[in-house]
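Since the structure comes first, as structure tokens, the remarks are kept for the end.
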Amino acid sequence: MAPDQNHLIQQSQDLPRVLVLHEQTIFDDLRRFHSHKFHFILLPSTDTTVDQFLNAHNYDSSSICAVVCSYVRVTADVLRHLPSLGLLVTPSAGTNHIDLPECCRRGIKVANIGTVFSEDVADFAVCMLIDLMRKISAGDRFMRGRRNSLAAPCHFPPGSKVRGKRVGIVGLGSIGTEISRRLEALGCIISYNSRTKKSKVPYTYYPNVVDLATSCDVLIISCSLNDQTRHIISREVMLALGKEGVIVNVGRGAVIDEKELVKCLVKGEIGGAGLDVFEDEPNVPKELFDLDNVVLSPHSSALTSESVRGVIEVLGQNLEAFFSNKPLITPVL
């Protein structure tokens, strides 16, 4: 091996080590833009545990001071095998996959990507709502099914107007606020449910989600998942929304009681649903595939080329801040 190659390898080994859990794309992008500052180590998407992987590749677990994790569950057991861990940074807005109490107990800092995804997720949520109300995806399927009989009369049911609809937003945080701005431009009447009433917004606040659903034509879910919000969209909420009501979920799958949602959709007890997230991803209830009043998406509401670049930038900034003993850019803990 050439001397300059030996030098580069040694230089990489001397950099701070960052373990990336199961995210090949994130790993590749981080190396592309930040390999001169950090030595990234990828734990592939296999059944290998953290300690097995580190032992197999002769990495000292005490040399890992930072971890990048996306939707892989980081439990107390995972953390136990990383005695020197000081930072967990996730390329997502949500942190429900991380054992935050254990991180707090151990003094491990946690960062997410802040508001990088907010605008793109808000765009997607409103697009999904328009798709459902105006039957865009359903119309596409209808036309493709007629490809051999286009001369026959076209009997396709009309959609519903978006302007003037009463829309309830569950979770008026960064994403929910961006959604509300877009809905205002469409002439929708907005109300919301959130942890607390927002003093600087003009929308009607409902502390109870059932009451919110009763007063709305549409529910858009953009809240985080925690013990308080798990299955907050219950059968009672769906029935309160009614047979013409529509649900759009760009938050987390388990915010909705998915089994009850499927039952309500199949029985016609709600009007439709746009789902970017699911309770047991990547699995999707098979009943949904045959419903024309459902729009499905593979948890991609945040994914644009611009947002991906933004994520890599924020991840790098948080890593650099941590290893420089500076405040994190987007701290959670």
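For the reader, a short list of remarks on this structure follows.
- Residue within segment 192-206 that is surrounded by fewer than 16 Cβ atoms within 10 Å (Cβ to Cβ) and in a helix (DSSP H, G or I) present: no
- Filter result for Val72 (assigned by TED's automatic domain parsing to the domain that holds Val18 and touching a His at 6+ places or on another chain (Cβ under 7 Å)): yes
- Met128 touching an Asp or Glu at 6+ places or on another chain (Cβ under 8 Å), over 22 Å from Ile312 (Cβ atoms), of a type in the set (A, V, I, L, M, F, W, C) and modelled with pLDDT of 95 or more: yes
Table: residues versus (1) in a loop (DSSP other than H, G, I, E, B); (2) closer than 26 Å to Arg252 by Cα; (3) not aromatic (Phe, Trp, Tyr).
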site: Phe142; (1), (2), (3): no, no, no
site: Glu178; (1), (2), (3): no, yes, yes
site: Glu184; (1), (2), (3): no, yes, yes
site: Gly187; (1), (2), (3): yes, no, yes
site: Ala213; (1), (2), (3): no, yes, yes
site: Cys216; (1), (2), (3): yes, yes, yes
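- Out of Ser160, Ser84, Ser149, sole residue that is among the hydroxyl-bearing types (Ser, Thr, Tyr) and closer than 27 Å to Cys216 by Cα: Ser160
- Members of segment 279-299 that are part of a loop (DSSP other than H, G, I, E, B) and touching an Asp or Glu at 6+ places or on another chain (Cβ under 7 Å): Glu279, Pro285, Ser297, His299
- Of all the criteria given as (1) of a type in the set (Asp, Glu); (2) more than 20 Å from Gly176 (Cβ to Cβ); (3) at pLDDT below 95, the one not satisfied by Glu236 is (3).
- Condition check for Val68: of a type outside the set (Lys, Arg), under 22 Å from Ser307 (Cβ atoms) and within 22 Å of the chain's Cα centre (by Cα): yes
The values are calculated or read from the model by the stated rules, or taken from the named source; none is laboratory data. Note that the structure is a prediction, hence the values are computed from the model and not measured. Note: ideal-geometry Cβ built from the backbone for every residue, glycine included; neighbour counts use all protein chains shown.
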